Each structure stands twice: as C-alpha cells, then as structure tokens.
2 protein chains.
Amino acid sequence: MEEHVTETAPHPFDPAIEILLDRAEQFCADRRTRLTDIRRLVLGLILQSSTPVGAYDLLDRLRDQHRGAAPPTVYRALDFLADQGLIHRIERLAAFVGCGHMLECDHGGHCGHRAQFLICKRCGATQELEDRRIGEALSDAAARAGFAVEQSTIEIEGICAACRTMPEDAGSKLRAVAPRVG
Amino acid sequence: MEEHVTETAPHPFDPAIEILLDRAEQFCADRRTRLTDIRRLVLGLILQSSTPVGAYDLLDRLRDQHRGAAPPTVYRALDFLADQGLIHRIERLAAFVGCGHMLECDHGGHCGHRAQFLICKRCGATQELEDRRIGEALSDAAARAGFAVEQSTIEIEGICAACRTMPEDAGSKLRAVAPRVG
DNA sequence: CTCTGGTCGGTTATATTATAACATTGTCTG
DNA sequence: CAGACAATGTTATAATATAACCGACCAGAG
C-alpha cells in the first residue's frame, strides 16, 4: 500500500492566516488538546475562504496538500475544531466558518452558545454577530418557557450591506477573496 | 406498470387533526392553491407526530396509505407546505413540524419569518415561540449592520420544562404521543 | 526503557438527506 | 374538446455524514 507521506508545505497559507493558526495551536495547547497537521490544514482552509465551506469542498482542497484524505478525515477535523470553538457550522448551508472570536483569547472556547450569523444570499459571505440584546431576549423567552438552553442556532438570511449598494446583476459572487475573520 | 390506486382512507387521522386539515384545505383554497390528497396526508402525518419528523420517516409512513410514494413525492409535498407556511423545517434536525399558527387564519401564511423553536434534546419535542423582543432585537441588529433580512432560523436546543421536572433516566422518550400543535 | 492505554488517522463501506430530469396524468378554462 | 399548466410517477443520482475496524503513534507510569 501507499506510504502516507503528508505532503504538507510547512506554512501553506497567507502570513495573516498562519498567525491565527499559531494562536489556535497555542490555544489548544493551553487546553491540553492538539491542533495536529490535518486539523491545522482544515482550519486554515476554512479561514482562507471568504464564504462558508462545505465538507466536501474542504475535502477537495485538503487533498491538494494531504493525499489520501477521505470524508472521515475532514469530518473528524471539523468535529474537533467545532468542539474547541474554533469554527461554527452554518446549519442552513451545511457549511463551516471560522469563529469570529478566535482571536480573543479570553473567550472560554465556547462562544458558540450565543453567536448569530448574517448570511448574504447574493455573495454568500457570512458575518458573525454577538448581539447582547438578542442573547438576552432569547434567554428570557426560554426561561419563561421553563426551558434550559444549551445551544442556539441563529441564522439570518438576506442581502448584506455591500451587495445592497450594487445592482443585482453585478458579479458580486466574484468579489475578491479575502479572509473573513477579524 | 401498476395502477396507481391511491389507497387513501378518506379520513385516516384523529378528528382533531382532521379539523386542522380541513382548515388548512380552506386556507389553501382561499389562496388559490390546492391541498391535494398527498399534501394533506403528509401534513396530517406531521401534525400527528409529537416530534419533528424526517423526510424519510415521513416517506415510510406515507407508504402505508399511498403506494408508490418515492422521495420526490414527499419532498414536493414538503416544499408546498413550507411555501404555504403550514409547516417549518427544523434545520438542526433536518426535520419538519407543523406551524404553531396554522389555526390563526389571520396570519398571512408567512409566519415563518419570525418564529423561534425550542428543541428538547431529551424528549425530542419542539415548541414554537414568536417572541416579539427576539424579533425586534434581531431586526435592529441586522439594520445596524446594513443587512436586509429575508428569513431567519432561530433554534434553541436544551431541556424542556417537562423533562427538567423528571429524573434523567425516566423514559421520557416514550411519553405519550399526542399532536403537538395548538 | 518498555509497557500500556488512549488519541489520531487510514480505509472501506454505508447511511441519510435531497434533487435532477423526464414521462405521464389530472385539472381548469375558454 | 383543446391547450396550458399543475401535480405526480419514475428512475437515477447528488450531496452530506457516519459506522466500524485497524494500525500507527504518542505520553505517561512503572
């Protein structure tokens, strides 16, 4: 059978992303978990994309740098990254984005409870919010129903500010790709 | 080539559900759409369940009363019912529930924009909310971001009031099946 | 150092959810 | 009835996700 050489260039991403990846690695180390090569690659690929990425898209891209990757390879990495709070799953898109708070090292790794996402139907980009009022209104409503909240999914679909300012037919889907985190 | 006898008992559901189905039929008629036999069956099956139902579960149940049903049969019915605002899709579960406002004939058929769902992890039941404060907080936050909202998905997972009052090991998954709408 | 237990990832197969595409049948309307 | 459009039948396949089992590797205990 094949030798599973992981043909990973040591730092295949933009410097800005590598910095985030280094921080993520440190974050994991602090929590006694490991951001392994595969996990780091997957996280990098997600951060590199301007829009949420599906698992199989991710798999295709991963294969460029890691031969022999299969669906479980990607899903395991995604599960890990989500557990650590480094990424979010956008339910409506069955796709993944980096957590907008990855940088803020004071978050407990569980910002997932209260994040909200604005999903643009035109350009596909998502923006992460963490609106206090939404969170509170939601907690209150749940409390009134006697309901113990564990996790919430709040996803708002519509048209983003950038896309609203340009005509519908403009090639907004082709706008420059840039990391969306920050 | 089979003869496609639709072996539908005229009123296979509980009287309480049949009443809802009759109203739904009238609601559709008012909007110049048709709640056909298949659509009515699918809606009935959804209303009959105490928990959200997956499309393929629905397909299995549908086949008892409608031979030859295939995935598109179910998905077309689901698309129609969702378009009419008679059901909601719970994204986190990839499953469907009746709209809690189906009865209130003053709703424009598009309550979907602002509904929230409490999903119990223990018993699987969902409760539909329509909390004004959540909706407003959300609209405000979106407006501040310059975002034009078209649809929102708000799903809260946790433990419902009923399940919280009983020990974890109680067979809460087996509680009596009763229509959840109302 | 070596053993050992657990984590990580490879590999194959399959489950689950959803849609494409085209043919056929049904229904309304003039 | 004829024509148009809506609804459904039918077959095939796409897209997303997990099960199950195995071997490699690593970290800590002794």
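Kindly evaluate residue A:118 against the criterion of being crowded, with 19+ Cβ neighbours inside 10 Å, touching a Cys at 6+ places or on another chain (Cβ under 8 Å) and modelled with pLDDT of 95 or more. Criteria met by residue A:118. Of the residues screened, residue A:15 is not one that is at pLDDT 95 or above, more than 16 Å from DNA strand C (Cβ to nearest atom) and under 15 Å from residue A:89 (Cα atoms).
Consider the stretch A:115-136 and keep the residues that are more than 10 Å from chain B (Cβ to nearest Cβ) and among the aliphatic types (A, V, I, L, M). The one that is nearest to residue A:49 (Cα to Cα) is A:125.
For the stretch A:116-147, what are the residues that are assigned to a loop (DSSP other than H, G, I, E, B) and farther than 24 Å from residue B:161 by Cα?
Within the stretch A:116-147, A:121, A:122, A:123, A:124, A:125, A:130, A:131 qualify.
Going by what's in this entry, would residue A:46 be described as aliphatic (A, V, I, L, M), under 27 Å from residue B:90 (Cβ atoms), more than 12 Å from chain B (Cβ to nearest Cβ) and within 16 Å of DNA strand C (Cβ to nearest atom)? Yes; evaluated as a whole, the condition is true for this residue. Entry remark, the stretch B:70-89: residues being more than 10 Å from DNA strand C (Cβ to nearest atom), assigned to a strand (DSSP E or B) and either within 14 Å of chain A (Cβ to nearest Cβ) or surrounded by fewer than 18 Cβ atoms within 10 Å (Cβ to Cβ) (or both) number 1 in total.
Kindly establish whether residue A:107 is under 18 Å from residue A:23 (Cβ atoms), modelled with pLDDT under 95 and away from DNA strand D (no atom under 16 Å from the Cβ). Yes, satisfied. Of everything in the stretch A:49-69 that is out of contact with any Lys or Arg (no Cβ under 6 Å at 6 or more places or on another chain) and polar (S, T, N, Q), the residue that is farthest from DNA strand C (Cβ to nearest atom) is A:49.
The values are calculated or read from the model by the stated rules, or taken from the named source; none is laboratory data. Just so it is clear, the structure is predicted and the values come from calculations on it, not from any experiment. Cβ sites come from the backbone with ideal geometry, for glycine too, and all protein chains shown count toward neighbours.
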